[in-house]
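The next block holds one structure in the form of structure tokens; read it before the comments.
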Amino acid sequence: MKWDITEHALHSEFRAEVEKLSGQNLGDCYQCGKCSGGCPVLPELDLSPNRLLRMVQLGLEDEALRNETVWCCAACGTCDSRCPMGVEILRIIDVLREMAKNRNVTPPATAGRVLTFYRSFLDCVQEFGRLSEVALMGSYNMNSGRLWTNMVKAPWFFLKGKVSLSPHKIRQIDRLQRAFKRVEEIESQ
Ligand code: SF4
Ligand code: SF4
């Protein structure tokens, strides 16, 4: 890819918005690559963390929002702890993820499955107040269209009593559901 490093590209609106929302100065990153060197999920990513930051530095909005890294980052924080400049990469990735969601950017296929898993996980917590493996598996399989995922192992889990067929709700689930609703309201503002 031929990169545009003109003044215009280096001072894009997109970069300014990411800096404002994340509270980070992209100019601090000098592309040493230490963040990527410690990333445990690097083999699964299409863009290394430092390359992702480079996309933002150059104002390449589409490339920075439409990639697997934004969705497959495990949020372990290793990159943050390794950065000699104190750049909080995780905050930047969080902002990019939120922007991609708000702008309805279609994620690549692998990342799309991760997004489906996130949603199924949160739906489950919102419904029961805790994780129910059966509900999570059912929701994920339905929403992803991969109906038979993990089904081969399911009988073994049930026989060994590893998962319960009947999920239990926590007490005062309405309080948690109000919190979810409030977050949705804040996000839509
Ligand atoms: S470790 Fe810090 S300075 Fe180095 S590439 Fe990553 S973000 Fe940039
Ligand atoms: S927080 Fe994400 S990008 Fe950073 S090291 Fe962990 S998995 Fe990699």
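Pairs meeting the criteria (first residue in region 133-151 and within 18 Å of Ala109 (Cβ to Cβ), second residue buried (at least 16 other Cβ atoms within 10 Å of the Cβ), beta carbons under 6 Å, at least 6 apart or on different chains) are Tyr140/Phe117; Tyr140/Ser120; Asn143/Thr116; Asn143/Ser120; Ser144/Arg113; Ser144/Thr116; Leu147/Asn141; Thr149/Asn141.
For beta carbons closer than 7 Å, sequence separation of 6+ or different chains, a first residue in region 72-93 that is near ligand 1 (Cβ under 9 Å from one of its atoms) and a second that is in a helix (DSSP H, G or I) and open to solvent by 70 Å² or more (accessible area, probe 1.4 Å), the qualifying pairs are Arg82/Lys34; Cys83/Lys34; Pro84/Lys34. Per the listing Phe157, Phe128, the residue uniquely of a type in the set (Phe, Trp, Tyr) and open to solvent by 40 Å² or more (accessible area, probe 1.4 Å) is Phe157. Restricting Met99, Met55 to those that are in contact (Cβ under 8 Å) with a residue 60 or more places away in the chain, of a type outside the set (Lys, Arg) and more than 10 Å from ligand 1 (Cβ to nearest atom) reduces the list to Met99.
The rows are residues; the columns are (1) more than 13 Å from ligand 2 (Cβ to nearest atom); (2) modelled with pLDDT of 95 or more; (3) of a type in the set (Ser, Thr, Tyr).
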| residue | (1), (2), (3) |
| --- | --- |
| Lys34 | no, yes, no |
| Asp46 | no, no, no |
| Arg51 | no, yes, no |
| Glu63 | yes, no, no |
| Asn67 | no, no, no |
| Cys72 | no, no, no |
| Arg91 | no, yes, no |
| Ala100 | yes, no, no |
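The values are calculated or read from the model by the stated rules, or taken from the named source; none is laboratory data. Here the structure is a predicted model, which is why all the values come from computation and not from measurement. Don't worry about glycine lacking a Cβ; one is built from the backbone with ideal geometry, like all the others, and counts go over all protein chains shown. Heavy atoms of the whole protein, side chains included, go into the accessibility calculation; ligands, DNA and RNA do not. Shrake-Rupley method; radii C 1.70, N 1.55, O 1.52, S 1.80 Å.
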